[in-house]
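Below you'll find the structure, written out as structure tokens, and then a few comments.
The values are calculated or read from the model by the stated rules, or taken from the named source; none is laboratory data. Values in this document were obtained by computation on a predicted structure and should not be read as measured data. Reconstructed Cβ throughout: ideal geometry from the backbone, glycine too, with neighbour counts over all protein chains shown.
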Amino acid sequence: MLTLAIETSCDETSSAVIKDGREVLSNIISSQIEIHRKFGGVVPEIASRKHIECINQIIQESLDEAKIGFKDIDLISVTRGPGLVGALLVGLSTAKALAYGLNIPIIGVNHIEGHVCANYIDHKDLKPPFTCLIVSGGHSYLVQVNSYVDYELVGRTRDDAAGEAFDKVARALGLPYPGGPFIDKLAKQGNKDSIEFPRVFLDDKTYDFSFSGLKTAVLNYLNQEKQKGNEIIVEDVAASFQQAVLDVLVGKSFRLAKSRKSDKIVIAGGVAANEGLRNMMEKKGKMEGIKIYYPSKILCTDNAAMIGAAGYFQYINGNESDLGVSVNPNLDIN
Amino acid sequence: MEIKLSNLEETEEFGIKLGSLLKGGDIICLNGDLGAGKTTLTKSIGRGLGVDEYITSPTFALINEYKGKFPVYHFDVYRLENAHELYDLGFDEYFYGKGVCIIEWADKIEKMIPDIRIVIDIEKGNDDNERILHISGNGGSYDELIKELNR
């Protein structure tokens with residue numbers, strides 16, 4: 001079964017062709033191709049109306065790379081939320097037009113569930129149930145995945161997303177955007193115990209996250225050191241900050257896994273590319289007898305392949321949208 | 001007008017009061033450095049507006065929408081490189097709509113924001129949790145806010 005998938009929830013315009021939910025035949029992402037060649041220097045960086053300019057081209061490219069035509073597609077899968085309303089509408093309207101024109105089923109999927117499903121592509125043996133941590137620039141969720149279609153939201157951020165904290169601390173340290181990968185790299189050369197930053201676990205009853213206070217603590221530290229005229233060791237700040245984030249992410253993930261007797265923890269989203277997070281998860285996983293899964297780096301970012309996987313599993317489990325499906329910028333995990 | 005808020009509780013109290021005074025069509029511009037407390041203040045303004053959901057940072061998503069007494073549009077233009085990108089997002093449709101717009105890093109797009117607005121510049125005080133707010137504005141609920149704060 002061939003699924004054509006479309007993702008336009010934020011900055012990236014992406015289209016993919018997925019075979020049977022787990023095999024990627026193509027996965028075209030706007031920022032990853034030399035689109036400026038075709039669009040006279042305009043790279044669609046910021047969402048919404050820019051998606052219109054390139055979506056047809058991206059879809060065509062995904063079909064060409066998969067070596068198929070429109071008539072070969074069995075299902076259209078598209079992100080319907082959460083995200084920017086204008087950006088989502090471009091993808092959903094295009095998907096509806098294709099589904100109507102080709103007379104094939106359409107399924108609107110949740111972007112966050114897509115991130116989870118990226119793991120099914122890279123790990124052919126992975127099956128629910130499992131505990132999943134989804135962390136990116138815009139999202140931080142802890143989800144218990146009970147089946148391919150049953151996602152139980154257990155924890156979320158109350159302020160900043162984990163990836164956002166990385167980007168903002170990076171900015172304060174004078175690193176380029178997006179800063180996550182730079183912090184990760186510098187952290188390896190620094191001493192993670194050199195500066196005491198707060199671990200905001202909130203309380204034992206909740207699986208929610210809070211990263212705004214940590215961000216402010218790092219900014220206050222930098223400010224105070226500057227006022228004292230002390231030299232700031234960027235590597236130590238990066239390592240100590242990253243460890244404060246990871247302690248909370250890893251701690252809460254394992255607490256949930258143990259309470260649900262999960263033997264698998266899956267990580268997803270942009271921050272799943274962080275090597276510090278991967279290493280700490282794997283180390284603790286070995287000690288606790290819990291197996292750790294994460295996607296390849298390209299499937300950690302926003303991409304349509306994961307939307308194709310999510311749509312496929314929804315469809316084969318009996319879910320289908322109709323042409324009346326609408327976008328929902330605040331779509332939650334249910 | 002300038003007000004000093006000594007701690008998080010006072011900031012929350014101020015935000016809730018401000019939120020409860022706002023009407024559809026109001027635009028709140030929030031300026032201040034990283035960590036100044038723009039999202040924190042927005043959380044309590046949202047509470048004053050009757051938003052029940054968690055208000056989280058819109059830095060990545062650029063706009064978050066909430067349901068309160070009025071639709072609440074929470075913007076963060078931190079990531080924008082230039083004002084043209086605003087057109088691509090269709091910002092004008094929000095600015096001239098019926099909801100309340102709260103805009104973080106508003107000074108980056110100052111020229112694009114309608115004149116009828118309330119501007120709050122947040123400055124860090126001497127203590128880590130102290131904040132000084134500089135409030136200015138024109139039209140909308142501004143006069144009522146000043147009257148209420150002077151009481």
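Working only within the stretch B:66-95, note down all residues that are within 8 Å of another protein chain (Cβ to nearest Cβ) and surrounded by fewer than 19 Cβ atoms within 10 Å (Cβ to Cβ).
Within the stretch B:66-95, B:Glu81, B:Tyr87, B:Gly90 qualify.
Residue-by-condition table, conditions (1) among the charged types (D, E, K, R); (2) surrounded by fewer than 24 Cβ atoms within 10 Å (Cβ to Cβ); (3) free of Cβ contacts under 8 Å to residues at least 24 places away in the same chain:
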{"residue": "A:Val248", "(1), (2), (3)": "no, yes, no"}
{"residue": "A:Asp263", "(1), (2), (3)": "yes, yes, no"}
{"residue": "A:Lys283", "(1), (2), (3)": "yes, yes, yes"}
{"residue": "A:Lys291", "(1), (2), (3)": "yes, yes, no"}
{"residue": "A:Gly311", "(1), (2), (3)": "no, no, no"}
{"residue": "A:Asn319", "(1), (2), (3)": "no, yes, no"}
{"residue": "A:Gly324", "(1), (2), (3)": "no, yes, yes"}
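Note down all Cβ pairs under 7 Å where the first residue falls in the stretch A:226-244 and is in contact (Cβ under 8 Å) with a residue 12 or more places away in the chain, the second is small (Gly, Ala, Ser) and surrounded by fewer than 18 Cβ atoms within 10 Å (Cβ to Cβ), and they're at least six residues apart or on different chains.
A:Asp236/A:Ser194; A:Ser240/A:Ser194
Can you list the helices (runs of 4 or more DSSP H) lying wholly within the stretch A:110-215 that have 1 or more residues being modelled with pLDDT under 95 and more than 28 Å from A:Asp263 (Cβ to Cβ)?
Filter on the stretch A:110-215 gives A:162-172, A:180-187.
Of (1) more than 10 Å from every other protein chain (Cβ to nearest Cβ); (2) assigned to a loop (DSSP other than H, G, I, E, B); (3) within 15 Å of the chain's Cα centre (by Cα), B:Lys98 satisfies all except one. Which?
The single condition B:Lys98 does not satisfy is (3).
Looking at the structure I just gave you, is A:Asn274 assigned by TED's automatic domain parsing to the domain that holds A:Ala165, in contact with an Asp or Glu (Cβ under 7 Å, 6 or more places away or on another chain) and surrounded by 14 or more Cβ atoms within 10 Å (Cβ to Cβ)?
Against the criterion (assigned by TED's automatic domain parsing to the domain that holds A:Ala165, in contact with an Asp or Glu (Cβ under 7 Å, 6 or more places away or on another chain) and surrounded by 14 or more Cβ atoms within 10 Å (Cβ to Cβ)), A:Asn274 qualifies.
What residue, among those in the stretch A:173-195 that are within 14 Å of chain B (Cβ to nearest Cβ) and buried (at least 21 other Cβ atoms within 10 Å of the Cβ), is farthest from A:Gln243 (Cα to Cα)?
Taking the candidates together, the pick is A:Gly179.
Cβ-Cβ below 6 Å, separation at least six or inter-chain, first residue in the stretch A:135-147 and assigned by TED's automatic domain parsing to the domain that holds A:Tyr312, second part of a loop (DSSP other than H, G, I, E, B) and buried (at least 24 other Cβ atoms within 10 Å of the Cβ): which pairs?
Qualifying pairs under 6 Å: none.
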